[in-house]
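The values are calculated or read from the model by the stated rules, or taken from the named source; none is laboratory data. Predicted model only: the values in this text are computed from it and were never measured. Every residue, glycine as well, gets a Cβ built from its backbone with ideal geometry; the counts of neighbours run over all protein chains shown. Areas reflect the complete protein model, heavy atoms only, side chains present, ligands, DNA and RNA absent. Shrake-Rupley method; radii C 1.70, N 1.55, O 1.52, S 1.80 Å.
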Amino acid sequence: MADSPTAFERFVQGILPENPVYRQLLGLCPTLAVTNGMKPALTMACSVAFVLLCANIVISLIRNLLKPHLRIVVFTLTIATFVTIADRFLAAYLFQMSKTLGPYIPLIIVNCLIICRCEVCASKQSVFTAASDAIGQSIGFGLALSSIAAVREILGTGMFFGIRILPEAWPDWVIMVLPPGAFLTLGLLLGLVNWLGSIKSRRAS
Amino acid sequence: MIYLLDLMLIALTAALINNFVLYYFVGICPFVGVSRKVEMAFGMGLAVTFVISIAAFISWSITTMVLIPGAPLSSFIAGFFLPEESAAAIDLTILSYIVYIFAIASSVQFVEMYVRKFFPQLYSSFGVFLPLITTNCAILFACLTIMSHVVGVENPQDAWDLGRAITLAFFGGIGFTIAIVIMSGIREELELCDIPEPFQDAAITLIIGGILAIAFMGFTGVDSGIREALIP
């Protein structure tokens with residue numbers, strides 16, 4: 001990464017060039033676990049976005065008080081606080097969804113993506129830069145999650161957002177909504193993204 | 001006898017049927033990152049198994065002693081300030097995530113210090129992995145699973161005791177070790193294969209993980225079969 005990119009550069013970088021899932025391979029647990037449908041995937045993306053934004057802002061505000069050897073603990077405790085808020089909010093207003101997501105909402109605490117952004121960006125940059133970085137990364141994360149969820153839901157159930165789009169004769173590939181489908185889809189999409197990236201860089205040179 | 005059978009089924013479920021990595025997708029980061037060599041993968045697996053058992057012990061104790069409504073310690077302390085009924089109704093479970101992550105982080109720190117001081121040889125084999133484990137989802141996932149069997153259980157007899165909690169965590173760690181060692185064995189062979197360039201490294205690892213997950217789906221239903229066979 002260049003020395004200190006501006007806020008806007010960080011925002012753009014998060015979406016595609018440094019996409020958290022496809023480029024940095026961060027936060028794979030929720031990527032694989034909740035992408036068997038579009039709705040859980042989007043809920044998860046929104047929760048991660050909320051936690052990432054709040055944590056980045058708070059860490060950025062207290063960055064001058066942080067002691068180096070204690071910073072990881074401070075990061076995780078800050079994140080855990082916001083995850084508790086998000087979890088209680090989901091349990092109150094989207095009860096069915098919070099049952100579906102189950103332990104994966106609390107597992108946002110140990111999502112490497114958020115800790116990595118706190119460490120790389122928020123603990124060194126001003127509040128505005130940190131917030132725009134968080135928003136960019138969240139959009140990238142949301143895009144990655146919905147791309148995987150779209151493939152899995154359409155192939156696995158013939159539906160998109162619960163609305164049938166493939167003909168009734170479509171034999172549901174049940175394996176796609178089961179755990180192995182997550183690994184296969186992410187592996188194939190990752191290969192596809194790498195391939196497109198290599199074509200682009202070859203054209204540029 | 002029923003209790004032993006219960007423990008056995010929990011162990012079997014955690015290690016094979018609902019394998020932490022291949023069924024619940026926790027601990028994917030080391031599964032992709034540290035699975036290049038069999039020895040390294042085995043060291044990582046041992047370290048995770050070790051820490052996960054300690055974390056399960058700590059989190060079970062904290063949950064039953066402090067967090068749940070009517071827990072002995074919290075109601076004892078609150079009894080100094082509050083009348084008895086309201087002291088027994090104190091519910092601290094909303095703090096559970098913060099408490100767990102703090103317990104995991106500090107226990108990892110203590111384990112690292114202890115192992116470095118008293119078992120230098122062990123430290124040289126898996127010590128380097130210990131700091132990474134704090135952010136391993138598998139540990140927190142085990143704590144959360146134990147919590148879901150202790151908090152909010154309708155019938156007090158159904159709440160898990162310490163034995164069940166530790167069995168789940170220990171065999172979950174064993175399951176993690178099995179998965180990551182199989183993966184690293186395959187990846188050592190893969191180095192001799194001609195993989196298309198975009199699929200090298202992480203992509204092919206995930207696809208192989210998918211095939212492994214299909215293989216592990218073969219265990220589905222084993223637990224209910226055993227239960228039916230042994231409990232008339």
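For a quick check of your reading: which helices (runs of 4 or more DSSP H) sit entirely within segment B:9-88 and have at least 3 residues that are aromatic (Phe, Trp, Tyr) and within 18 Å of the chain's Cα centre (by Cα)? Ranges flagged: B:38-62.
The residue list B:ALA103, B:ALA87, B:ALA179 contains one member that is among the hydrophobic types (A, V, I, L, M, F, W, C), within 14 Å of chain A (Cβ to nearest Cβ) and over 21 Å from B:PHE57 (Cα atoms), which is B:ALA179. Of the residues that make up segment B:147-158, is at least one within 14 Å of chain A (Cβ to nearest Cβ), β-branched (Val, Ile, Thr) and open to solvent by 30 Å² or more (accessible area, probe 1.4 Å)? Yes, some residue in segment B:147-158 is within 14 Å of chain A (Cβ to nearest Cβ), β-branched (Val, Ile, Thr) and open to solvent by 30 Å² or more (accessible area, probe 1.4 Å).
Number of residues in segment A:14-30 that are in a helix (DSSP H, G or I) and either without any contact (Cβ under 8 Å) to a residue 60 or more places away in the chain or out of contact with any Pro (no Cβ under 9 Å at 6 or more places or on another chain) (or both): the value is 4. Scanning segment A:141-189 for residues that are at positive phi and over 20 Å from the mean Cα position of the chain (by Cα) yields A:GLY158, A:GLY162.
The helices (runs of 4 or more DSSP H) found entirely in segment B:91-136 that carry 3 or more residues being more than 16 Å from the chain's Cα centre (by Cα) are B:96-118, B:120-126. Here B:GLU189, B:GLU197 are screened, and the one residue that is acidic (Asp, Glu), more than 30 Å from B:SER148 (Cβ to Cβ) and either more than 14 Å from chain A (Cβ to nearest Cβ) or surrounded by 16 or more Cβ atoms within 10 Å (Cβ to Cβ) (or both) is B:GLU189.
If you go through segment B:159-171 and pick out every residue that is among the hydrophobic types (A, V, I, L, M, F, W, C) and open to solvent by 40 Å² or more (accessible area, probe 1.4 Å), you end up with 4. Listed by position, the helices (runs of 4 or more DSSP H) contained in segment A:55-154 that have at least 1 residues being open to solvent by less than 20 Å² (accessible area, probe 1.4 Å) and without any contact (Cβ under 8 Å) to a residue 24 or more places away in the chain are A:71-93. Annotation: B:ILE174 fulfils all but one of (1) farther than 24 Å from B:ILE208 by Cβ; (2) open to solvent by 10 Å² or more (accessible area, probe 1.4 Å); the unmet one is (1).
From the list B:ILE77, B:ILE58, B:ILE68, pick out the single residue that is farther than 30 Å from B:THR220 by Cα, free of Cβ contacts under 8 Å to residues at least 24 places away in the same chain and among the β-branched types (Val, Ile, Thr). Answer to the check: B:ILE77.
With respect to the conditions (1) more than 10 Å from chain B (Cβ to nearest Cβ); (2) in a helix (DSSP H, G or I), A:LEU186 lacks only one, and its number is (1). For segment A:37-74, the set of residues classified as in contact with an Asp or Glu (Cβ under 8 Å, 6 or more places away or on another chain) and within 14 Å of A:ALA130 (Cα to Cα) consists of A:ASN56 only. When you look at B:ILE208, is it more than 11 Å from chain A (Cβ to nearest Cβ), open to solvent by 20 Å² or more (accessible area, probe 1.4 Å), under 26 Å from the mean Cα position of the chain (by Cα) and free of Cβ contacts under 8 Å to residues at least 60 places away in the same chain, yes or no? Spelling it out, it is not the case that B:ILE208 is more than 11 Å from chain A (Cβ to nearest Cβ), open to solvent by 20 Å² or more (accessible area, probe 1.4 Å), under 26 Å from the mean Cα position of the chain (by Cα) and free of Cβ contacts under 8 Å to residues at least 60 places away in the same chain.
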